[in-house]
Each structure stands twice: as C-alpha cells, then as structure tokens.
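A.B. asks: The structure that follows is given in the form of structure tokens.
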Amino acid sequence: MSRTKSGIDPEIIRELAQLLTETDLSEIEVQNADLRIKVARQITVTATMPVGAPLPVSVPAALPTASAGAPAAAAAAPPDMSDHPGVLKSPMVGTAYLGPAPGAKPFFEIGAKVNQGDRVLIVEAMKTFNDIVAPRSGTVIAFLIEDKQPVEYNQPLMIIE
C-alpha cells in the first residue's frame, strides 16, 4: 500500500471514483478513524422547455429580461442565476422542500424578510432532513426550485438579497 505525504492511499481515491461511476452517484464520503475522504463529480443536467411554457422559477422584475425584439426562444430561456451574489446553493444531493412537511405552507415566500441563520428550506438525503439556513439577512427574491424537487450538490435553490 503506497501512501502520499498526507497519509492517504491514492488507490482508495481511485476505488471511490470508480464506485461513483459504477453506481451513477454524484458524491461519496467515507470515514475511518480520523481520516475522512469525500469524492464528488460534477453532473450537468440539461432540460428543454417548449417555447411559451411557464418558467419554473419566480423571476423578480428587477432582474434583466429579454428585449422586445429578441427571438421567442431567447425570451423563454430562464436567466442563469448561479452567479447572482445572493444565490443560496444546495450543500448536498437530495430532495428539496420549501416547507416543514410535504404540502405545508413554505417557510418563506417571495418578498419575505429573512435573518441570517433562519431555516429557509429542507433537503432530505437518505431519510435525513437537513435544515438549509439563510447565509445572510435579506429579502427572498426568487425560488429557483419547486417543492419536492430533486436537487444536486451546488445547485442554486433561491436568491436572498
């Protein structure tokens, strides 16, 4: 068994990466005593929407929109919010819930004020419900997901300005 200066056997990393590929998982984490290894891969999902279909996100009027002379396909594309300074991204893979229980009233609605540390969403992963808290105080201006929607690691969930 060959180990690097950090004491980690590169073969373990290779085996975990192979396991990700074989099982089609996006991340895996193992722990043995005080050694913890997490291997993740980026998965790109592309979705298409028919022209004229309603957008699955709530877009505030203050965000840029397509001009009147733009082609219809460009107007139907949702704006990319992943680089917005107020975006809250998923810390894990799972199913996102906007409220405390399926069908319950959401924790917050668009336009609501939130404080840093407030629970704004829940992401369920492997039967464990994880609170997603506001990283900053501000106003909820958009939800980028729907209730009970599967989400990926680092996927934009909502915007707080």
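Rule-based calculations on the coordinates, nothing more; no lab input. Note that the structure is predicted; figures quoted are calculated from it, not measured. Neighbour counts run over all protein chains shown; Cβ positions are idealised from the backbone, glycine included.
A.B. asks: Please give the FRET efficiency for A104 paired with R14, using the beta carbon to beta carbon distance and R0 = 41 Å, rounded to the nearest 0.05.
C.D. replies: Using R0 = 41 Å, I get an efficiency of 0.40.
A.B. asks: OK, next. Using the Karplus curve 6.51 cos²θ - 1.76 cosθ + 1.60 with θ = phi - 60°, what ³J(HN,Hα) values do you get for each residue of the range 15-21, in whole Hz, with x for Gly and Pro?
C.D. replies: After applying 6.51 cos²θ - 1.76 cosθ + 1.60, I find 5, 5, 4, 5, 4, 4, 5 Hz.
A.B. asks: How high is the relative contact order of the range 102-161, in percent, with contacts defined as C-alpha pairs under 8 Å that are six or more residues apart?
C.D. replies: Dividing the mean separation by the residue count of the range 102-161 yields 32 percent.
A.B. asks: Which far-off residues, 5 or more places away or on another chain, put their amide H under 5 Å from the one on V120, with H placed in the peptide plane?
C.D. replies: It is I132, V133, A134, by chain and number.
A.B. asks: Under the rule of at least 5 residues apart or a separate chain, name every residue whose amide H is placed under 5 Å from the amide H of M92.
C.D. replies: Amide H to amide H, under 5 Å and 5 or more residues apart or across chains, M92 pairs with N154.
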